[in-house]
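Take a look at the structure set out below.
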Amino acid sequence: MKNHSHLVILALSVAMFALLAPTSFAQKGAAMQKAQVIGQELNLTPQQKEKILPILAAEVPKVQAIKNDNSLSKMQKMEQVRAIHQQTDPQMKAILSPEQYQKLKQVRLQAVKNVAQGRY
């Protein structure tokens, strides 16, 4: 009987992993794709891509979570998205050229405006 209950628990664990794993892989893929689009807009060098894309890919799911949080007002969403951008801003500024950094600021400003207008 003990082995039977362990088998059931194992089967349930595997099933939960199978259900949850594709979602997380899909989310990571979407985050990386969005990061690559931003990277293309910034016209990154290969060396910059290596440094910037992981930062952007880490930001994207956080921003999406804020955008999808219906308990937050538009103002709260804007503030939280700005806070995420401010956290990584020093890293980005150190890697990007002044022109690329200005372009990034424009991209981020548009993202905040989209949140304010309810467009995602």
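Can you name the residue in segment 44-54 that is in a helix (DSSP H, G or I) and among the aliphatic types (A, V, I, L, M) and is also surrounded by the most Cβ atoms within 10 Å (Cβ to Cβ) among such residues?
Only one residue fits best here, namely Ile52.
Residue-by-condition table, conditions (1) open to solvent by 20 Å² or more (accessible area, probe 1.4 Å); (2) assigned to a helix (DSSP H, G or I); (3) at pLDDT 90 or above:
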residue	(1), (2), (3)
Val14	yes, yes, no
Ala18	yes, yes, no
Ala26	yes, yes, no
Leu56	no, yes, no
Val63	no, yes, no
Lys77	no, yes, yes
Gln80	yes, yes, yes
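Taking the criterion of being over 21 Å from Lys49 (Cα atoms), out of contact with any strand residue (DSSP E or B) (no Cβ under 8 Å at 6 or more places or on another chain) and in a helix (DSSP H, G or I), would at least one residue in segment 88-105 satisfy it? Talk me through it step by step, then tell me what you get.
The initial filter retains those residues of segment 88-105 that are over 21 Å from Lys49 (Cα atoms), namely none.
No.
Those residues that are over 15 Å from Ile38 (Cα atoms), more than 19 Å from the chain's Cα centre (by Cα) and charged (D, E, K, R), I need them from segment 75-109; list them, please.
none
The values are calculated or read from the model by the stated rules, or taken from the named source; none is laboratory data. Everything numeric in this text was worked out from a predicted model, so none of it was measured. When we count neighbours, we look across all protein chains shown, and the Cβ atoms used for this are built from the backbone with ideal geometry, even at glycine. To get the accessible areas, we keep the full protein, side chains included, count just its heavy atoms, and leave off ligands, DNA and RNA. Shrake-Rupley method; radii C 1.70, N 1.55, O 1.52, S 1.80 Å.
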